[in-house]
1. Could you tell me which residue of segment 121-140 is farthest from Ala16 (Cα to Cα), considering only residues that are within 11 Å of the ligand (Cβ to nearest atom) and not in a strand (DSSP E or B)?
2. Of Glu173, Glu116, which residue is surrounded by 20 or more Cβ atoms within 10 Å (Cβ to Cβ), assigned to a helix (DSSP H, G or I) and either more than 13 Å from the chain's Cα centre (by Cα) or modelled with pLDDT of 95 or more (or both)?
3. Looking only at segment 42-67, which residues are farther than 29 Å from Ile15 by Cβ, among the small types (Gly, Ala, Ser) and in contact (Cβ under 8 Å) with a residue 12 or more places away in the chain?
4. Yes or no: Gln187 over 13 Å from Val28 (Cβ atoms), under 18 Å from the mean Cα position of the chain (by Cα) and not acidic (Asp, Glu)?
5. Restricting attention to segment 145-161, which residues are crowded, with 19+ Cβ neighbours inside 10 Å and not acidic (Asp, Glu)?
6. What pairs come up if the first residue lies in segment 181-208 and is exposed (fewer than 12 other Cβ atoms within 10 Å of the Cβ), the second is at pLDDT 90 or above and part of a loop (DSSP other than H, G, I, E, B), and their beta carbons are under 8 Å apart, counting only those six or more places apart or on different chains?
7. Those residues that are free of Cβ contacts under 8 Å to residues at least 24 places away in the same chain, out of contact with any strand residue (DSSP E or B) (no Cβ under 9 Å at 6 or more places or on another chain) and not acidic (Asp, Glu), I need them from segment 71-88; list them, please.
Amino acid sequence: MGPDPVGKVATVTVIAIDGPAGSGKSTVARGVASRLGLAYLDTGAMYRSVAFAALRHAIDPADDDRVGAVARAIRLDMETDGSVHVDGFDATIEIRGPEVTRAVSVVAANPAVRAELRERQRRWVEQSGGGVLEGRDIGTVVFPDADLKVYLDARPEVRAARRSREVTDLSYETVAADLARRDALDQGRDDSPLSIPNDAVVVDTSELGIDEIVDRIVELADARQP
Ligand code: DC
């Protein structure tokens, strides 16, 4: 817990931000972390990194045993500037590419991968002295006692439009279909499916700007000051 840039003290140690792809999680979580002077972790990038490492070693993403072993063995460096190194290789671009995006849902459904990454996320919080974590199961499974839980959502067509602006080489229809497929896999898997934590603040970001959402979450965090 350190002072933020305007001198306030961040009293909320762990902030969990969950939600589906295109809900605005990453931008919002980064903004909240910077305003509160907390560290930020993109847990989706960790699942993507495992998928990337499996593909790089020509391992079938659906081979649970071998991909589980990959998750336990890889060195993962999540830098504060957003770059991601997997076993020393800068995979920042590749983990967002179509191959990894296609493979990541099956990797994220693998219980051995989830167990390993859950532990790494908890260790990261211990080492960072708290932080803002974004993902799918942070408030439900990884940190059920988080100080503040936020669930971001948006209408499917808004989420698809956001994603297709990021992925300029694919059509809106392709992006929308891929998003719907990933939603179904993330929500339907047995191990820690995407769901709204009981005590989460739910924000529909369809009509809201990033600054507005960040302001709202920072206010909520401040309001929880003892
Ligand atoms: O947020 P993203 O699109 O980068 O996430 C990539 C994949 O990882 C997505 O299929 C959901 C999964 N994921 C997960 O299962 N649990 C998390 N905590 C974060 C991401």
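1. Step one: filter segment 121-140 for residues within 11 Å of the ligand (Cβ to nearest atom), giving 121, 133-140.
Adding the requirement that they be not in a strand (DSSP E or B) leaves 121, 136-140.
Working: Gln121: 12, Arg136: 9, Asp137: 9, Ile138: 6, Gly139: 5, Thr140: 9 Å.
Step by step, filter segment 121-140, then rank; the result is Gln121.
2. Values: Glu173 fails: surrounded by 20 or more Cβ atoms within 10 Å (Cβ to Cβ).
The match here is Glu116.
3. Within segment 42-67, the first condition is being farther than 29 Å from Ile15 by Cβ, and the residues that meet it are 54-67.
Keeping just the survivors that are among the small types (Gly, Ala, Ser) gives 54, 58, 62.
Those that are farther than 29 Å from Ile15 by Cβ, among the small types (Gly, Ala, Ser) and in contact (Cβ under 8 Å) with a residue 12 or more places away in the chain: Ala54, Ala62.
4. Values: over 13 Å from Val28 (Cβ atoms): yes; under 18 Å from the mean Cα position of the chain (by Cα): yes; not acidic (Asp, Glu): yes.
Against the criterion (over 13 Å from Val28 (Cβ atoms), under 18 Å from the mean Cα position of the chain (by Cα) and not acidic (Asp, Glu)), Gln187 qualifies.
5. So in segment 145-161, the residues crowded, with 19+ Cβ neighbours inside 10 Å come out as 146, 148-154, 159-160.
Ala146, Leu148, Lys149, Val150, Tyr151, Leu152, Ala154, Arg159, Ala160, listed by residue number.
6. Sorted first by the residue in segment 181-208, then by its partner, the pairs are Asp190/Ala109.
7. Ala73
To keep it simple, each residue is scored yes or no on (1) at pLDDT below 90; (2) more than 29 Å from Asn110 (Cβ to Cβ); (3) more than 12 Å from the ligand (Cβ to nearest atom).
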| residue | (1), (2), (3) |
| --- | --- |
| Lys149 | no, no, yes |
| Arg155 | no, yes, yes |
| Arg189 | no, no, no |
| Pro193 | no, no, no |
| Asp199 | no, no, yes |
| Val202 | no, no, yes |
| Gly209 | no, yes, yes |
| Asp215 | no, yes, yes |
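The values are calculated or read from the model by the stated rules, or taken from the named source; none is laboratory data. Remember, predicted model here, so these are calculated numbers, not experimental data. Please note: Cβ atoms are built from the backbone with ideal geometry, for glycine as well, and neighbour counts cover all protein chains shown.
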